[in-house]
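Engineer: Mind looking over this structure? Questions follow.
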Amino acid sequence: MTDTEKFVLPSGIECEIQELTAEAERVLTNKADVKSGQWINKFIAKALVKIGGKPVPQNQGELINILLDMKTGDRNYLLLRIRMQSYGDEMIFNYECPKCHKTSGYKLNLREMLEDGTLKIYPFRDDVPIVVETRDGTAEIDYTTGRSEQWLASLKDIDTIHLALAACKSFNGKAPEYKDFCKLKTRDISKIRMAYSELKGGLDPQIELNCYECDNSYKVMLQQIPDFFTPLTTAGNIGL
Ligand SMILES: [Zn+2]
């Protein structure tokens with residue numbers, strides 16, 4: 001019997017997860033999946049046992065669709081719980097400061113950070129989509145889902161227009177396209193991005209790290225730290 005853990009996602013959906021097997025880590029190294037952005041869904045699929053009180057669909061495609069429709073703030077929380085269930089609450093890693101490029105060692109306790117509010121969870125707003133008026137039309141901003149995450153992950157280079165597009169549900173009543181947004185004024189693009197950044201819901205995976213060498217503070221997304229998925233890949237280099 002595998003130990004499972006039950007909890008409720010920030011949006012209220014009940015979940016049950018099991019510990020990952022070594023096979024799940026292979027998902028992280030499949031180049032095609034990493035390139036297409038599919039890996040994160042396959043990774044979650046390996047751990048999820050029940051969702052919404054029901055066993056997950058046996059059909060992998062059906063399950064992936066459920067995960068793709070899930071809001072990013074729920075997905076971030078789910079990933080964090082899978083990480084804690086499979087690898088423990090502690091995260092020990094090295095990270096390179098973006099300013100001085102020197103590496104510092106860190107030790108975090110993810111459960112404590114959840115409990116003391118260092119990692120923030122926001123309730124989802126129900127007054128979405130938010131309407132933003134630009135000089136070229138009306139944009140509707142909504143929570144991103146796994147679909148927008150996957151689209152962003154599949155792009156070679158991400159610019160501010162892509163980020164604005166990912167947050168935008170419609171533009172003048174239609175699905176927005178890159179070429180439409182290229183014509184927008186930069187001030188309008190930043191207005192869209194600003195509205196999205198204020199739309200908080202679910203787990204905010206940003207944490208602040210302080211460089212021991214130059215005292216610079218910088219923000220990083222938890223899941224962008226390699227050791228989040230594969231512990232001990234970097235720790236130890238500088239004697240931690
Ligand atoms: Zn530094």
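Engineer: Around GLU149, under 11 Å between beta carbons, what's the net of Lys plus Arg minus Asp minus Glu among the other residues?
Structural biologist: Net of charged neighbours comes to +3.
Engineer: Quick one: check the C-alpha center-to-center distance for the range 173-223 versus the range 40-90, whole angstrom.
Structural biologist: The range 173-223 and the range 40-90 have Cα centres separated by 24 Å.
Engineer: For the range 194-200, just list the computed ³J(HN,Hα) in residue order, Karplus coefficients 6.51, -1.76 and 1.60, θ = phi - 60°, integers in Hz, with x standing in for Gly and Pro.
Structural biologist: Values per residue, Gly and Pro as x: 5, 4, 5, 5, 7, 8, 8 Hz.
Engineer: Which of rounded, prolate, oblate describes the range 189-234, given a ≥ b ≥ c as roots of the alpha-carbon gyration tensor eigenvalues and a/c under 1.5 marking rounded, otherwise prolate only if a/b is larger than b/c?
Structural biologist: It is oblate, given that a/c is not under 1.5 and a/b is not larger than b/c.
Engineer: Let me ask you something else. Separation between the SER190 and THR138 pseudo-spin-labels, each 7 Å from Cα along Cα→Cβ, expressed in nm?
Structural biologist: About 2.6 nm, to one decimal.
Engineer: Still on this structure, please answer the following. Tally Lys and Arg at +1 and Asp and Glu at -1 over the other residues with C-beta under 9 Å from the C-beta of TYR218: what net charge comes out?
Structural biologist: Computed value for this residue: +1.
Engineer: Quickly rank 59-67, 166-174 as a protection proxy: mean count of other C-beta atoms within 10 Å, highest first.
Structural biologist: 166-174, 59-67
Engineer: Compute the length gained on full extension between LYS54 and THR21: take 0.36 nm times their separation in residues and subtract their Cα-Cα distance, giving the result in nm to one decimal.
Structural biologist: Going from the current span to full extension adds 9.7 nm.
Engineer: Once the Cα atoms of the range 130-200 are picked out, what are the Rg and Dmax in Å?
Structural biologist: 11.1, 30
Engineer: For the pair ASP3 and LEU68, how long in nm is the line joining their label points, each one 7 Å along Cα→Cβ?
Structural biologist: 3.5 nm
Engineer: Semi-axes of the equivalent ellipsoid for the chain, please: Cα gyration tensor eigenvalues, times 5, square-rooted, ordered largest first, whole Å.
Structural biologist: Semi-axes (√(5λ), whole Å): 30, 25, 17.
Engineer: Could you please report the charge total around LYS54, scoring K, R as +1 and D, E as -1 over all other residues with beta-carbon less than 14 angstrom from its beta-carbon?
Structural biologist: Here the charged neighbours net out to -1.
Engineer: Sorted by mean Cβ packing within 10 Å, highest first, what order do the peptides 213-221, 88-96, 47-55 take?
Structural biologist: Top to bottom by mean Cβ count within 10 Å: 88-96, 47-55, 213-221.
Engineer: Next up: Restricting to Cα pairs below 8 Å that are 6+ residues apart, what does the relative contact order work out to for the range 4-87? Please round to a whole percent.
Structural biologist: Result for the range 4-87 is 35 percent.
Engineer: So for the chain, averaging the separation of alpha carbon pairs under 8 Å that are six or more residues apart and normalising by length, what relative contact order in percent results?
Structural biologist: Once divided by the residue count of the chain, the mean separation gives 22 percent.
Values in this text are rule-based calculations from the coordinates and carry no lab data. Since the model is a prediction, treat every value here as computed from it, not as a measurement. Positions of Cβ are generated from backbone atoms using ideal geometry, with glycine treated the same way; all protein chains shown enter the neighbour counts.
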